[in-house]
Structure formats: structure tokens, C-alpha cells
1. Looking at the chain as a GNM with Cα springs under 10 Å, which of Val362, Val45, Val238 has the largest mean-square fluctuation?
2. Can you give me the long-range amide H partners of Leu103? Hydrogens built in the peptide plane at 1.01 Å from N, cutoff under 5 Å, separation of 5 or more residues or another chain.
3. Could you tell me which residue out of Val147, Leu266, Phe254 lies farthest along the dipole of the chain toward its positive end? Charges go on the beta carbon: Lys and Arg +1, Asp and Glu -1, centred on the Cα centre.
4. Hey, which lysines would be in cross-link range of Lys386, C-alpha to C-alpha under 20 Å, not counting anything within fewer than 8 residues on its own chain?
5. Would you kindly find the accessible area of Lys75, with a 1.4 Å probe and non-protein molecules such as ligands, DNA and RNA excluded, rounding to the nearest 10 Å²?
6. Quick check for me: using +1 on Lys/Arg Cβ and -1 on Asp/Glu Cβ, what's the dipole size of the chain about its Cα centre, in debye to the nearest 20?
7. Taking the alpha-carbon distance from Lys259 and a cut-off under 17 Å, which lysines remain once sequence neighbours fewer than 8 residues away in the same chain are dropped?
8. To the nearest 10 Å², what's Val94's accessible area with a 1.4 Å probe?
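The values are calculated or read from the model by the stated rules, or taken from the named source; none is laboratory data. Keep in mind that what you see is a predicted model, and the values were worked out from it rather than measured. Note that each Cβ is placed from the backbone with ideal geometry, even for glycine, and that neighbours are counted across all protein chains shown. Only protein heavy atoms, including side chains, enter the accessible area calculation; ligands, DNA and RNA are left aside. Shrake-Rupley method; radii C 1.70, N 1.55, O 1.52, S 1.80 Å.
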Amino acid sequence: MQHRRAFLKFLAASPLFASSSAILAQALAQAPDGVIASPADALDVLDFEPAARKALPPAHYGYLATGVDSDATLKANREGYSHYELRPRRLVDVSHNDMSCELFGTKWETPLFICPVGSQKMFNPEGEMAVAKAAQATNTLQILSTVSTSSVEDVTAARGAPIWYQLYPTNRWEVTSKLVKRAEAAGCPVLVFTVDLMAGRNTETEQIFHRQDTRQCTACHSPQPGSTFRRKPMFAGVDLNGLALASPSITWEFVRRLKQLTSMKLVLKGIETREDAGLCLENGVDGILVSNHGGRAEESGRATVDCLPEVVQAVGGKIPVFLDGGIRRGTDIYKALALGATAVGIGRPYIWGLAAFGQPGVERVLGILRRELDLIMRQCGTPSLKQITTASLVSVH
Ligand SMILES: Cc1cc2nc3c(=O)[nH]c(=O)nc-3n(C[C@H](O)[C@H](O)[C@H](O)COP(=O)(O)O)c2cc1C
């Protein structure tokens, strides 16, 4: 943004652009501190990040921004996309572009979905409900977190169509199965079981921001055990004594148990290797989401887009493979699709939009990414998803 401001100033001063200097001056006036003042001001989704930072108290921003340890995996997720370059093809009729894709029998306008992010009312009073309305307005697939601040029934109603439900297992099967059955009864067709956070994590950046926050956090966060669940409607009526989300003893046996429990399709979120992709197939998993929790699980140092090819190869087209992590541009989506992803998700970008501007912010983030994907598909001469293949890029590792 700073560079853009400097560039706008340079253009405004240039005699070449004398006639448009009024427009440029207006652009400068809209952003006195370099932070966008409305969703319409955003040129790309990264413009929402400083706006979210401005809108949020330090501890909440820290929770959103953090990776683990030194945030190396968080950074790797972004940098990973630069390991691939595109191979545009010319003189193809791209007057019509079809971005649609089919996921478990449902057709979507684009291959972009909304990842589960916990506690969204910490970012905006409307939280998951605002996201649901934005998802409805843009016809986007939404995945709801287990630790949501709105219930699966309310979010489904606000979305006006089925959503997918993300599962963190608890240390008590009867609570876990109740969550699953509730999602099923609410009409969720897919259960997304997150497998990458079973044994804790070290979110240092979050702690740094937390120290800068002078508010009295106990107003919302009770120091009592089980307080994580108290403001979470999915845990209403549950005996919270001794309840925990961390489930370090869980193995593939639990996956088979889940398959028996529910008729929902089962997607495993957090798979990064060919070995685990093979075990997904052996255990009847219906889809894989290649993810490292946005660099918030272990500090592997490895970008999800670099994990994708080995997972895709191991799966051999038998089940769909999805990806999230570091998607900030239409070209990032395009590269993931070219490497074999069926669809891709975003986490932080839509939360930046939510935190800064509520529902319109989320809509604008989704709209910008959709527009960028449309542009790059046409420019690369691949006007439908099936035309985007490994021939569409080259690895430059
Ligand atoms: C603040 C925050 C909270 C998250 N909460 C959850 C969650 O409750 N369940 C889950 O499976 N993943 C959660 N994630 C991970 C996202 O679903 C997703 O994997 C990740 O954000 C994608 O990377 P990106 O933020 O770079 O787009 C969370 C991520 C963030 C940033």
C-alpha cells in the first residue's frame, strides 16, 4: 500500500497524466493512512489485511495473524506459489469462461471455498452469520468451524443452503458424536475432520500481540476450565467438565468410527504426505484437504502447494483433493488447480474482510479472487477448469 501511494503520487505529479490527476488525487484522499476505507477501495485482497489490523484489538489481530514458532510455515505457504510459473497458451477462444466445478454432486460457480475459522464474532459482531450472507450473495461454499460462535442451524438458515461442517473431535466420544449428528440433522452433506492439531502448538506471534492488549480479557474469556466452550452454541447443554478438544490418542481407527457414525461424506483436513493420502484411501475417506492449518499447526516449513503434487499422485484421481494455505491471488488458485486440486479454500483473507467491513468486506474479497481467477484463466487460454492441467505451469524449484 505504501508503495502504491508513492506510485500514485508520482503519477499525479506527472504531466503525462495531467487530465487524470483529479482522479488520482481522489484515490490518495481516500486513503490518508494508506488503509482502505471501504471494500470498494481495495485493489486486491491484501489491501484488507491492514484494514483488519486497524479494526481489531491487538489480541484478536494476533490470533488471526499468528503462525507457529517463527511463522516460517506461514511464510512458506505464500512463497510456495512462486515455485511455479504459468505457461499461457495463445489464440484460444476465451470469450466465454466457465469456472464452475462439481463437489460431491453439487455444482459451484467457482472452485473457491470459505475455510473454517473459529470464533468469528471476535472479528465482527455478526461473525459467521455475516459470512453466511456473503456466501449466499456470492454462491460460495462455506465450511463452519466446530468452535463457531453461531450454531450450525443458524448459519445454515442464514446461508439458505447446506454448508459443510468442520469437526474437532473432543476427548469424549458422546460429545463428538453429538456434534456430528447435529451437523447431519442440519443438512450438512460433508464432514471435514481436521487432523492437524492433535497435540498442541506454539503460537508465538499471538502471544506478542496479546501482551500489547491492555483490555480486561476476562470480561469475555473466563479463566475457569472449559471456558473455551462456554460461548460456543454447538456446546450448549453439554457437560463441560473435563472436556477438551485436544485428542492426542486418536488414530485411523477413529476415522473408521466416524465413517460408521455418519452418512455425510468425510473429508480429512490437514493431510500433507503421500503416505497419509494412501491411508485415507484405505480407510474410506471421501476427500482430502491438503492443509497445514494456515501455518498454525506444526512448523514444518513446507508450503501446502508443494505438498499437493505428492498427495494428488498418491490419490490417482480416486477422490477429490482440495487445498488451502496462502491463497491471496487468482494465480495462486490457478496454480493449485493446475497441480491437481479440485477446489481451494481461503482462511485469513475473508476474515480480514469481515473484521474491517463485515459482510460487504467478505463479499469483496470473494469477488476480487473470482475476478482474478477469471482473468488468468482467459489469459492462459484455459477457459474451463478441466483445461487447467500440469501443462499449464512449470516448476521452477
Ligand atoms: C484465525 C484462524 C482460525 C482458524 N480456525 C480453524 C478452525 O476452527 N478449524 C479448522 O479446521 N481450521 C481453522 N483454521 C485454519 C483454516 O481453516 C485454513 O486451513 C487456513 O486459514 C488457510 O490458510 P490461509 O489463512 O493462509 O488462507 C483457522 C485459521 C485461522 C487464521
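1. Val238
2. Answer set, sorted by chain and number: Trp108.
3. Val147
4. Cα-Cα hits under 20 Å: Lys107, Lys318, Lys335.
5. Result for Lys75: roughly 110 Å² accessible.
6. 440
7. Lys178, Lys181, Lys269
8. 40
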